[in-house]
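In what follows, a structure is listed as structure tokens, so that the remarks can point back to it.
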Amino acid sequence: MSFPNVADQQLWPSRFLAAIWDFSLKFEDVVLDIVPAASWAILTPAIHYCYVNKPVYASHSPVLWLKLLLSALLLFLEIATVAIRCAVPAYHTNITAAAAAVDIVSAVGIITVVYVEHRRGIRASALLSVYLTMGILIDGTRTRSYFIRDMSTLGGSGKTTIFESIIGENQILDGIVYVDEMSIALCGQQLWLTNGTIRECIIGGFEYDHAWYLAVITACELVFDINQFEERNDYLIGSDGIRLSGGQRQRLCIARAVYARASIVLLDDSFSALDMRTARAILHNLCNRENGLLRQSNCAVLLTNYVPESLQIADELLHLKENGVLSQMPITQIDGDSMAFVEALLASANRAPREEEEGPRSPQWDSDFESDSELEGQSPSYAPQATAAQLQPDETTRNPGSRQKGNKNIYWLWMNQVGRQRLAWWFVIVLVMCLAEGFPTIYMKWWIELSPANKIWFIGYALLSLTAGLLGGPCVFLMMIKLSPRASIELHGMLTGIVMRCTIGFLGATDSGSILNRYSVDMDLIAKQIPAGVYNNLYLGITTLIQDSSTENSSGLSFLVLIVLGTSFNRAIMTWTTLETALGSLSRLLFFFEDTPVESANNKSLTLPDHWPSQGQVQIHNLTARYICDTERYRQTPVLRNITLSVEPGQKVGIMGRTGSGKSSLLMTLLGFLDYEGSIYVDGVDLRTVSRDELRSRIITISQDQVELDGTIRDNLLPFDKTWTVGKGSSATTAPSDEVAEKDRQEAHDRILKETLIQLGLWESLVGDAENRLDIPLAATGFSHGETQLMCIARAVVRRRIHGGRLVLVDESTGGVDMWRDRIVREMMRDHFRDCTILIVAHRAESIADSHVS
């Protein structure tokens, strides 16, 4: 798939493919297209004037018709070229239409000159020969430009699909995939980690081999990071590795794939979250030709990554071209189609700035190392805090799974959500129903004692039984359809509110499965078992209490009731047991409400100006931050210590460092996710006085993790606009002028969305009519990992273009994107964020090459 480049819209040569200089498309339109074509169009009348007074030397012959046919074919090719360029936004500039018009005029001029020259000329026109020769050279130059822009293997080209086909996760439509060995280890783009210790995540289901384990973590540059944890190998990483940084999670996945000792190892963009030095070190440790760990294991390794050094250690190159054709060749016998691609990669490797080899490195292990629970070696002085807070529950933590005896708050929690007044009225109805059902026995006793022969008493007996039957249905309906759903909805809303406002430190220390259980199992029991238990226990209890003093007649009746007494007791015990189980879920929910630390609300938050931050000045003084919970039951060490930083408006600050050094934590502190000591001012406003929700809505962010919303492309790019509600149900009360204004606003927004997607090369990936492409569900696009990351970048660009904002936080935005699109993203950011203050975390040195401070 072709993609546009911002440099192609400029009128000067630029560098493409990270190493090759070439003319921009706009430059070619002007210098190589309009200038010669316009010159020929001007010369055509002069040529006609030279031949107009000459006699006719040749008649209409087959040679003339052949010349005219070739000239007409040239005209047709010019028209086809214009149509293709206009249809492909990647090759379209703002002067393409003008260049096309001049080309067509010049082609028509060629036809007329050929005709006049053949009829009235003695020899062939020298000017026409020169012009056609120059046209051939110019077309060759332009062909080279298109080739340069199309010959890279871009994101979305099918690299991940090939790996998924190898492991049998894709349906093969044509051909076969043959794998000689079924022992395959995959480290994919979507990282997956179990909630366990570091050792458990690495060894997986295999037996623990101490020597091999040490070799693996050393090769994957994990020793230094493990040394920072008090528990070392037994450090709990949390659900999906939430207590680790992105780079640590990725290295852990690589280590798991290597530890498996599989015959085939697939590494799918496994270095995207790593800094260049760490990526090069791991690549060298695993795959170097002398003593690489995977080389020694004699396994086949297939990898896709952005590290140019991979070409230097590879045996073969698999070049996936734009048309889906996969070329396989030895690294020493690369064909012409792939040579420029490889040369560009190697040139970028030689040109990219290399980090100094100083700093912490993984210690070498002694042969006499025998400890299973600790990693020996000196801990370097440079000690990054890599985790999302080493939260360790204290021994005083209560067990939320047990219900404390006599805790009346559990009952009040459910009753308050139902509504005490509603529950009281329902209780009255149940009481009347129970009286109506239990009273016939007493009524019959009175009937027998007072007037057993009087049949009028039967009417009263029948009415009591009928009343009980008529009230039974409404009681069940009110509880199960009206009251219980109300309580469930309210409790679900309270639970969601707590989860949305809980601290990031709590999320790092809590298993996501525990939170999921609150929504699934506990809410299911509360919605189904509690209302049934309350109704049954109340019904059985009241009917049991309705009794009278014993007489001869009542004693006789009691023998009749004794037959069903055992069944009633059995039902009562089962109902009470079910209610107790459901109350356990309610108890766990109450514990979650009371003990979950939430972000503190600022009741005295300032009212910010509409366009804040209007300058983007950032001042940080003595900042110490930690992923802390609002309770003393957790303890941890700071992840940032004594940070002082001053960023002037419009500056671009690059933040680099080893994975886990706290780069992302600094950005999260600016967004209010971390509690901190010290002061942070943005445009003179203390962030402590700003509502956290308001703060996060005013700052433009591009996160390391992809955020996909359940909706269309438009909804994902304009998440705050709620475009799905426009024109639904409100058109009848909307003034025509407002409708016109709203329509104009939508058209302007859609134009911005389309331009942004075209620049990022995503527009052509959307299938459907041009007018409806923005309404395609994101889940139906089939975007690759890199293309989804580009969507997140597009969201930030659109927000800047529509809503403004002068402060931009970027956290490794192009980790899963190839270097060509990384260049496009940097050029887009340079264009659209020109006047913004940018704090950018990056692992590629090129991403912050133009930073004012780094």
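The values are calculated or read from the model by the stated rules, or taken from the named source; none is laboratory data. Here the structure is a predicted model, which is why all the values come from computation and not from measurement. Positions of Cβ are generated from backbone atoms using ideal geometry, with glycine treated the same way; all protein chains shown enter the neighbour counts.
Numerical summary
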{"item": "Within the stretch 31-69, tally of residues that are assigned to a helix (DSSP H, G or I) and either in contact with a Pro (Cβ under 9 Å, 6 or more places away or on another chain) or not aromatic (Phe, Trp, Tyr) (or both)", "result": "25"}
{"item": "Unmet criterion (only one of (1) among the aliphatic types (A, V, I, L, M); (2) over 28 Å from Lys159 (Cβ atoms); (3) surrounded by fewer than 20 Cβ atoms within 10 Å (Cβ to Cβ)) for Ala300", "result": "(2)"}
{"item": "For Gly505: the one exception among (1) free of Cβ contacts under 8 Å to residues at least 40 places away in the same chain; (2) under 49 Å from the mean Cα position of the chain (by Cα)", "result": "(1)"}
{"item": "Hey, Gly247 at pLDDT 80 or above, surrounded by 21 or more Cβ atoms within 10 Å (Cβ to Cβ) and assigned by the TED database to the domain that holds Ser183 or not", "result": "yes"}
{"item": "Single condition Arg243 does not satisfy, out of (1) over 28 Å from Ser703 (Cβ atoms); (2) under 29 Å from the mean Cα position of the chain (by Cα); (3) of a type in the set (Lys, Arg)", "result": "(1)"}
{"item": "Which listed residue, of Ile530, Ile498, Ile448, is assigned to a helix (DSSP H, G or I), in contact (Cβ under 8 Å) with a residue 24 or more places away in the chain, of a type outside the set (S, T, N, Q) and in contact with a strand residue (DSSP E or B) (Cβ under 7 Å, 6 or more places away or on another chain)", "result": "Ile498"}
{"item": "Flag for Ile202 being farther than 30 Å from Trp763 by Cβ, β-branched (Val, Ile, Thr) and at pLDDT 85 or above", "result": "yes"}
{"item": "Meets criteria (surrounded by fewer than 23 Cβ atoms within 10 Å (Cβ to Cβ) and at pLDDT 80 or above) for Ala780", "result": "yes"}
{"item": "Test set (1) surrounded by 12 or more Cβ atoms within 10 Å (Cβ to Cβ); (2) modelled with pLDDT of 80 or more - His210 fails condition number", "result": "(1)"}
{"item": "Some residue of the stretch 161-169 being among the β-branched types (Val, Ile, Thr), closer than 19 Å to Leu318 by Cα and free of Cβ contacts under 8 Å to residues at least 12 places away in the same chain", "result": "yes"}
{"item": "Test: Ser263 is in contact with a Cys (Cβ under 6 Å, 6 or more places away or on another chain), crowded, with 17+ Cβ neighbours inside 10 Å and within 21 Å of Ile203 (Cβ to Cβ)", "result": "no"}
{"item": "Among (1) among the aliphatic types (A, V, I, L, M); (2) loosely packed, with under 15 Cβ neighbours inside 10 Å; (3) in a helix (DSSP H, G or I); (4) modelled with pLDDT under 80, the one test that Ile148 misses", "result": "(2)"}
{"item": "Residues of the stretch 778-806 that turn out to be touching a helix residue (DSSP H, G or I) at 6+ places or on another chain (Cβ under 8 Å) and on the phi < 0 side of the Ramachandran plot, as a count", "result": "17"}
{"item": "Given (1) at pLDDT 80 or above; (2) touching a helix residue (DSSP H, G or I) at 6+ places or on another chain (Cβ under 6 Å); (3) in a helix (DSSP H, G or I), number of the condition Ala185 does not satisfy", "result": "(3)"}
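Conditions (1) touching a residue at least 12 places away in the same chain (Cβ under 8 Å); (2) in contact with an Asp or Glu (Cβ under 9 Å, 6 or more places away or on another chain); (3) assigned to a helix (DSSP H, G or I); (4) of a type in the set (Gly, Ala, Ser), marked per residue:
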{"site": "Phe229", "(1), (2), (3), (4)": "yes, no, no, no"}
{"site": "Gln248", "(1), (2), (3), (4)": "yes, yes, yes, no"}
{"site": "Ile254", "(1), (2), (3), (4)": "yes, no, yes, no"}
{"site": "Ser272", "(1), (2), (3), (4)": "yes, yes, no, yes"}
{"site": "Arg277", "(1), (2), (3), (4)": "yes, yes, yes, no"}
{"site": "Leu286", "(1), (2), (3), (4)": "yes, no, yes, no"}
{"site": "Arg295", "(1), (2), (3), (4)": "no, no, yes, no"}
{"site": "Asn298", "(1), (2), (3), (4)": "no, no, no, no"}
{"site": "Leu311", "(1), (2), (3), (4)": "yes, no, yes, no"}
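Let's see how each residue does on (1) more than 26 Å from Met415 (Cβ to Cβ); (2) part of a helix (DSSP H, G or I); (3) small (Gly, Ala, Ser):
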| position | (1), (2), (3) |
| --- | --- |
| Met444 | yes, yes, no |
| Ala462 | yes, yes, yes |
| Ser465 | yes, yes, yes |
| Leu471 | no, yes, no |
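Listed here are the residues, each with its yes/no results for (1) assigned to a helix (DSSP H, G or I); (2) modelled with pLDDT under 80; (3) farther than 30 Å from Asp683 by Cβ; (4) of a type outside the set (S, T, N, Q).
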{"residue": "Val561", "(1), (2), (3), (4)": "yes, yes, yes, yes"}
{"residue": "Thr567", "(1), (2), (3), (4)": "yes, yes, yes, no"}
{"residue": "Leu589", "(1), (2), (3), (4)": "yes, no, yes, yes"}
{"residue": "His621", "(1), (2), (3), (4)": "no, no, no, yes"}
{"residue": "Arg633", "(1), (2), (3), (4)": "no, yes, yes, yes"}
{"residue": "Arg641", "(1), (2), (3), (4)": "no, no, no, yes"}
